[in-house]
1. Treating the angle as unsigned and between 0 and 90°, give the value, to the nearest 10°, between the Cα long axis of helix B:156-172 and the longest Cα principal axis of chain B.
2. Pairs A:Lys517/A:Lys547; B:Lys105/B:Lys149; A:Lys138/A:Lys412; A:Lys81/A:Lys307: which exceed 24 Å Cα-Cα?
3. Separation of segment B:123-177 and segment A:512-543 by C-alpha centroid, Å?
4. Going by C-beta contacts inside 10 Å, put A:Arg40, A:Arg218 in order with the fewest on the left.
5. Is the C-alpha gyration tensor of segment A:183-392 telling us rounded, prolate or oblate? Criteria: a/c under 1.5 is rounded; beyond that, a/b larger than b/c is prolate, otherwise oblate.
6. Please give the length that would be gained between A:Thr393 and A:Asp33 if that part of the chain were fully extended, namely 0.36 nm times their separation in residues minus their C-alpha to C-alpha distance (nm, one decimal).
7. Can you give the average number of partner chain beta-carbon atoms within 10 Å of each beta-carbon in peptide A:287-300, as a whole number?
8. Residue by residue through segment A:426-432, what is 3J(HN,Hα) from phi via Karplus (6.51 cos²θ - 1.76 cosθ + 1.60, θ = phi - 60°)? Round to whole Hz and write x for glycine and proline.
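All of the numbers you see were taken from the coordinates with simple rules; none came from a lab. What you are looking at is a predicted structure, and each value in this text was computed from that prediction instead of being measured. We place every Cβ from the backbone using ideal geometry, glycine too, and count neighbours over all the protein chains shown.
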Amino acid sequence: MNRCCLKCWHKPPDNPCPNYVQCRIKGPLCHDDPECRELRARRLNELEFGRYGVKVRVAIASCTLAVGAAEVYEAIRDYVKESGLAIDISVVGCHGLDFIDPWIEVVRKGYPPAIYANVSPEEVEDIISRYLSGDVSKAFALRYRTGNAKGEFHVPTLDELVFWRKQVRLVSSNCGLINPESIEEYVVRGGYLGLARALRMRPEEVIEEIKLAKLRGRGGAGFPTWIKWKAVKDQVSDVKYVVANAEEGDPSAFSNRLLVESDPHILVEGMIIAGYAIGASKGYVFVGTEGDLAAERLKKAIEEAKKYGLLGENILGSGFAFDIEIVQDAGRYTSGEETALLEEIEGKRSTPRVRPPYPVTKGLWGKPTVINNVETLAHAAVILRDGWDRYATIGTEKSGGTKMVSVSGSIKRPGVYEVPIGTTIRTIIEDIAGGAPEGLKLKAVEVGGPAGGFLPVSEINIPLDYDTLPKLGVAMGSGVLVAVDEHKCMVDLARQFMAFFVSESCGKCVPCRVGTKTMLSILERISSGKGSEEDLELLKELGETLKDACLCALGNGAPIPVLSSIRYFKEEFSAHIREKRCPAGICPVSREVVRYEG
Amino acid sequence: MIGHTACVGGSVSADIVLNNLKNIERKPQNLVKALRVAQEVKGYLPAEVVEAAAKHVGVPYSRAFNVATFYHLFSIEPLGKYRVFVCMGTTCYLKGNKENLQYLKSLLNIKEGQHTSSDGLFTVEEMRCLGCCSHAPVIAVYMPNGARKVIGRATPEVIQKLIDELRKEARERGWVK
């Protein structure tokens, strides 16, 4: 993927081609050569269908690996080797349809690309040989139909399936489709076009574009991205930084992980655009402890982008230079907090800083710093590629675009789904994710991660956006939705959350360090049948104190699961307090429990 | 260094740890990175190793100790050959990892308040979230060679099979009889 032919005179970094990305898709552009055109067309075909016209895509991501994708990959490799078939095997990321893990896709020119679900190593041979004989009847879904394969009209296309049709896949459009380690596959699908366009604009025009697109931070707070960018751009400083927060600390949040593992280049592109807009020349990606695969793929993406002149000196001939470094967390919930992660990048304990000064004026090493969630940066790349006008038509009046949500718990189709902002929680839980599994009934949905809160099922008819949810005492947070069925106890869950915060509190500020511990001991008292009515009042009072007085958003959010549980499931607390009974039979109310006073 | 474990056991000496630190640039911001490498190579962070990492990146021992005792990945006490993490994220908790944790601890005969089995093979820890919530409940094993294995849809049967396999491997390598 360097020069297309001998007639091309461009070569990064000294003489890069400003139209490099467009050239890869429609090229050659700087010269006319039928042979070169033919070569390019052949290469595009090869990327789609492999060198021999048949390709098997195997989804390798943390989610699929947890249920045996490595074994499936080996089985395919062995089968292809033993049978001597001319087939390419390609690694791809994950669609987010986790209920079909591990999955594979077989493509052949002129035939429908077929996705197979819940594949075991033993089935591999049968799947591939049947597909090659023109029979797709055992497939889970097809990308499109061609009308010439056996059984294809009995298999739905992805667009016919509700959990695909109701999604709007902007930032996740490449996930599960391209090889995350191939910059070429990213580029031919329009990757780095956003960067190419941004570099032809002035930085303030890039920020204006983000403003008009109504992009708000996807990490949790929903702060308008353009304000942050402009604040840093307006600072006078020799050095500025872009930090991408890929430390997805919230339990049950996995959309960032999926995005970075499946399409690392979209993050790289978003970071370079942010760097250009604010005048920074250095970026850091902060990856979580469990993000080994994400870090590995990002590292490859950064290396490749440098090799092709999309990162480093004189990007696409614009004179703009940018570099990206990866830092990996050593494991702590607070590390995902924006100022705490700056501390960790500086090699210290990840404890939050006192604000003001805010990172936009004094961030990393005291320099102006933009900290964005990885999904926010990916959206920036999409906005610059498609233009704000197209982007802003999706979403709500105050907040444009889409959000990737992680759905798990008592649910038929767990996974990551990208939906327009403002989609109701009910649509996501019931239509897309299929509701509760057979025989179970949902009681509550945890919205937005631990600091988000619980909503009863009767209340989920509300739109998922940054403005409506806080009115109901919950928050959009990191886009987590956990379905809780009737057999679970809300008191037990509230207690478990508080135990989580107690063990994860960094200890820097008193309200969080002492408050969470006190709240936990009260919740333990209630769950062991020794609580009183006053305890509920005490929990509320303490909770409000934490919301007001903690040093960071994680501490502010710590009481929300408890407060929202008391607000919506008071009868369960009452059962524990008055009747000394746990309706779900989980809490040790009637049993003698050992309590640790401390 | 009062209260900090001196280097005991293990086949890896502080020299080898030092050797592995060579690739890390000598600047204070690389402290976490250096400790990470040391933890991986040595298996835990005894005083000598923390000191070596501190010297390498140019910070006082006290600051390195401060960082080494903060993050979950680091341990200043010796750990088992296999580090087994039981995810206690919301979904895993809801889907049965509380029971799995109890089962695992009783299977390995690890008492309340303890983490490592008496044969020194397994350390069981709770983990925040592995990001594989769709396949909850999830457990992860950090292998002695640094590899990580994540196991979804964990049940007592799955856990027993895993422990049997790891024990077999440990016997074959001569770590236990």
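1. Roughly 50 degrees, rounded to the nearest 10.
2. Details: A:Lys517/A:Lys547 15 Å; B:Lys105/B:Lys149 19 Å; A:Lys138/A:Lys412 21 Å; A:Lys81/A:Lys307 32 Å.
Distance filter (> 24 Å) returns A:Lys81/A:Lys307.
3. 35 Å
4. On the way: A:Arg40 20, A:Arg218 29.
Going from least to most buried by this count: A:Arg40, A:Arg218.
5. Values: a/c = 1.43, a/b = 1.18, b/c = 1.21.
Here segment A:183-392 falls in the rounded category.
6. 125.6 nm
7. Details: counts 0, 4, 7, 11, 1, 3, 2, 1, 0, 0, 0, 0, 0, 0.
Per residue, the average neighbour count from other chains is 2.
8. Calculated HN-Hα couplings, in order: 4, 4, 5, 5, 8, 6, 6 Hz.
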